[in-house]
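Asker: Quick one: the structure is below, and I'll ask about it shortly.
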Amino acid sequence: MINQLKFDEFLRSVAISKDSSYTMLLGAGCSITSDIQSANDCIWEWKKIIYKSNNPNVQDWIENYKDSKVQDVIQKWLDNQGSYISKGDADEYSFYAQKCFPIEENRRQYFQKICANKEPSAGYRTIPILLKQGMLDSIWTTNFDDLVNVACINGKAQGIDISLDTVDRINQRTQNRNELPIIKLHGDFKYGSLKNTTQELQNQDETLRNKLVDYLGGKDNIIKTE
């Protein structure tokens with residue numbers, strides 16, 4: 001059963017259940033407060049890069065791709081080409097990620113660039129505290145960044161990176177209170193393959209899916225998307 005709680009309701013729930021251990025699922029919006037751009041900003045940057053590479057004489061105003069007027073110019077050009085999906089399409093993220101950078105290694109380099117030298121915000125810094133209190137069991141995230149691990153290092157806890165290439169680390173040994181499994185559902189740009197296009201996500205590693213179901217079964221889960 002999924003309960004959607006307001007923040008004050010969430011605080012009361014955790015307070016009364018402080019002897020419980022939680023698993024946390026983090027979505028893309030969680031990293032915005034750490035100055036990592038949102039999925040929507042990524043889409044517009046990819047559109048800008050495509051536009052700029054096809055219009056090499058464009059002036060510097062194109063760099064302000066978050067401005068609605070600039071977006072209108074870019075989107076009108078894309079629409080006129082007849083080969084790009086419509087604005088607001090559910091597949092925009094995966095479509096433009098692959099359209100902008102068809103080579104997987106280039107997509108990895110892009111995410112490495114936008115995640116570089118970012119520091120965990122206050123929310124991330126609470127993670128090692130919850131871990132040491134026995135309230136946090138694992139982190140499952142769709143994000144590519146390293147904010148959870150950095151927060152663990154700063155908080156003198158041990159983050160255990162688990163991605164598509166290292167799924168056997170899940171439940172591989174007895175976990176102590178200072179260790180936090182960090183399962184990156186879409187991969188990790190530092191070590192292995194990323195999953196960000198529609199085809200790649202459809203081919204998500206079966207072992208990882210099964211581990212997710214088994215690991216989360218019967219546990220208390222916190223899902224944070226923004």
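The values are calculated or read from the model by the stated rules, or taken from the named source; none is laboratory data. Computed from a prediction, not measured in an experiment: that's the story for all the values here. Virtual Cβ from ideal backbone geometry, glycine too; neighbours counted across all protein chains shown. SASA here: full protein model, heavy atoms, side chains in, ligands and nucleic acids out. Shrake-Rupley method; radii C 1.70, N 1.55, O 1.52, S 1.80 Å.
Asker: Would you check the accessible area of R177, probe 1.4 Å, heavy atoms only, in square angstrom rounded to 10?
Answerer: 150 Å²
Asker: Say R0 is 25 Å: what FRET efficiency, to the nearest 0.05, do Q133 and I153 get from their beta-carbon distance?
Answerer: Efficiency computed from Cβ-Cβ geometry: 0.85.
Asker: Could you state how much accessible area Y110 has, in square angstrom rounded to the nearest 10, with a 1.4 Å probe and all protein chains kept in place?
Answerer: Around 10 Å² of this residue is reachable by solvent.
Asker: Determine the per residue accessible area of the range 1-125 with all protein chains present and a 1.4 angstrom probe, expressed in square angstrom.
Answerer: Result: 63 Å² of accessible area for each residue.
Asker: Under a plain spin-label model, where a point goes 7 Å from the Cα along Cα-to-Cβ, how far apart in nm are D60 and T33?
Answerer: Label at D60, label at T33, 3.4 nm between them.
Asker: Run the quick spin-label model on S86 and N117: label points 7 Å from Cα toward the beta carbon, then report their separation in nm to one decimal.
Answerer: For S86 paired with N117, the spin-label model returns 4.2 nm.
Asker: Using 0.36 nm per residue, how much length does the chain from D72 to V14 gain when fully extended, once their Cα-Cα distance is taken away?
Answerer: Difference between extended and current length: 16.4 nm.
Asker: So how do I160, I74 rank on accessible area, 1.4 Å probe, biggest first, that is with the largest at the start?
Answerer: Result, largest first: I160, I74.
Asker: Here's a follow-up. Under 1.5 on a/c is rounded, so check that first for the range 1-81, then, if it is not, pick prolate when a/b is larger than b/c and oblate when it is not; a ≥ b ≥ c are the square roots of the alpha carbon gyration tensor eigenvalues.
Answerer: The shape class here is prolate.
Asker: On to the next question. Filter K66/K118; K87/K113; K18/K113 down to the pairs with a C-alpha to C-alpha distance above 30 Å, please.
Answerer: K18/K113
Asker: Relative contact order, percent, of the range 40-89 when contacts are C-alpha pairs under 8 Å separated by at least 6 residues?
Answerer: 33 percent
Asker: When only C-alpha pairs under 8 Å and at least 6 residues apart count, what is the relative contact order of the range 29-186, in percent?
Answerer: Dividing the mean separation by the residue count of the range 29-186 yields 20 percent.
Asker: Can you sort K69, K52, K18 by 1.4 Å-probe accessible area, starting with the largest?
Answerer: Sorted by accessible area, descending: K69, K18, K52.
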